[in-house]
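The values are calculated or read from the model by the stated rules, or taken from the named source; none is laboratory data. All values reported here derive from a predicted model rather than from experimental measurement. Reconstructed Cβ throughout: ideal geometry from the backbone, glycine too, with neighbour counts over all protein chains shown.
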Amino acid sequence: MSEASTSTPRRSPWLYAIPLIVFAALAAVFAKGLFSGDASKVPSALIGKPAPAITLPPLEGLQRDGQPVPSFDMAGLAKGKATIVNVFASWCAPCRVEHPFLVAMADSAAVKQGKVALIGFNYKDEAENARRFLGALGNPYSAVGVDRSGRAAIDWGVYGVPETFLIGPDGRILDKHVGPLDGPAASRLLARAQKGS
């Protein structure tokens, strides 16, 4: 038997390159999705739909003007006015970055006059840490509900903290901002809340 007949056929180098080419193409698609556009514009399937009807317990021991701060209860939200729901946690560094803009929002005429409600949604946090966070930075919320397990956040389609939702007077979600609010984003949400559309 000759040597040529016992050796295996030689494979083309292109055959080995195919997996690398496929991997590079997939990596390029994922990179484009990650780095293109505004990260705060993550689409939400809930936009235009009724806000999930949840009731969260209050943040134990949290007081405002000597009174206990009420819990987050979608059924109890005043109909006929817009509500801004901010998902936050004391362990979240970007929540500290956005907090001054929430405090400024709470000081706006629309919130002070009761035309727009500003509600806190405390996510996977310890009560003592959340109280300390709001005590140190100020409590802009008229109500705060606690989601220790994170189940309510799943119903709301929360990707992470912070996130802010705008609920219309009819109880439908009008807008969602992912990531920390800045001045322009807070102003845009507040202006849209005042219009109620």
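For this structure, a couple of remarks:
- Residue in the range 147-168 that is modelled with the lowest pLDDT, counting only those that are under 16 Å from ALA45 (Cβ atoms) and not aliphatic (A, V, I, L, M): TYR159
- Residue within the range 132-146 that is among the basic types (Lys, Arg) and modelled with pLDDT under 95 present: no
- Meeting the requirement of 1 or more residues that are surrounded by fewer than 20 Cβ atoms within 10 Å (Cβ to Cβ), assigned by TED's automatic domain parsing to the domain that holds MET105 and touching a Ser or Thr at 6+ places or on another chain (Cβ under 7 Å), the strands (runs of 3 or more DSSP E) wholly within the range 119-197 are 173-178.
- Top-ranked residue of the range 80-107 - restricted to ones that are in a loop (DSSP other than H, G, I, E, B) and among the charged types (D, E, K, R), ranked as modelled with the lowest pLDDT: LYS81
- Evaluation of GLY171 against (1) under 28 Å from ALA45 (Cβ atoms); (2) modelled with pLDDT of 95 or more (one fails), failing number: (2)
- Some residue of the range 24-45 being outside any helix (DSSP H, G or I), surrounded by 12 or more Cβ atoms within 10 Å (Cβ to Cβ) and either at pLDDT 85 or above or within 19 Å of the chain's Cα centre (by Cα) (or both): yes
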